[in-house]
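I have placed the structure first, in the form of structure tokens, so that the comments after it can refer back to it.
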Amino acid sequence: MFDLVPFGRQERNLWNRVMQEPFRMMNSFWTDSSSMCTDIEDRGDHFLLQAEMPGIAKEDIRIDIEGDRLRLQAESKQEKDDEQRNYVYRERRYYRYDRSYNIRGIDQDGIHAKLVNGVLELTLPKQKEPETKTRSIAVQTEDEGESADA
């Protein structure tokens with residue numbers, strides 16, 4: 001049965017297991033296994049945010065915008081019968097992701113998202129710079145101003 005355990009993780013030696021367990025527990029405490037790795041790339045007219053979400057269905061992803069804040073939430077759903085299963089070895093766990101991003105300067109109406117091979121891709125279009133209107137103002141002399149009033 002221990003052959004099902006991934007190579008390099010087999011713990012047949014009880015002494016090694018006893019000595020390594022405290023370090024494994026500390027490592028799992030310090031390692032944030034629920035962190036979501038993201039990349040944000042500037043593509044000129046828009047930003048592309050890519051967030052790794054392996055095993056997450058699109059129905060379990062929620063994207064909300066409140067003011068200038070985009071909130072990205074997702075969670076992996078465990079099967080209800082997990083408690084009844086007799087696992088020999090298990091590494092998959094429940095994950096909940098919750099990240100917020102400042103989207104000041106982003107055209108919020110143009111944001112769209114898609115899930116591709118476990119990576120969520122958010123296209124964040126940049127707001128267009130307001131067009132500055134240029135106009136000329138004629139400079140008048142004192143004499144021209146008086147004649148205009150008369």
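The values are calculated or read from the model by the stated rules, or taken from the named source; none is laboratory data. Quick caveat, the model's predicted, so the values are computed rather than measured. Ideal geometry is used to build each Cβ from the backbone, glycine not excepted, and the neighbour counts take in all protein chains shown.
Only residues that are modelled with pLDDT of 90 or more, surrounded by 12 or more Cβ atoms within 10 Å (Cβ to Cβ) and acidic (Asp, Glu) were counted in the range 47-90, giving 3. Testing SER28 on (1) within 30 Å of GLU129 (Cβ to Cβ); (2) among the small types (Gly, Ala, Ser); (3) modelled with pLDDT under 75, one condition comes back false. Which one is that? Going through the list (1) within 30 Å of GLU129 (Cβ to Cβ); (2) among the small types (Gly, Ala, Ser); (3) modelled with pLDDT under 75, SER28 breaks only (1).
Applying the criterion of being surrounded by fewer than 12 Cβ atoms within 10 Å (Cβ to Cβ) and modelled with pLDDT under 90 to the residues of the range 91-126, the residue that is nearest to PHE47 (Cα to Cα) is ARG96.
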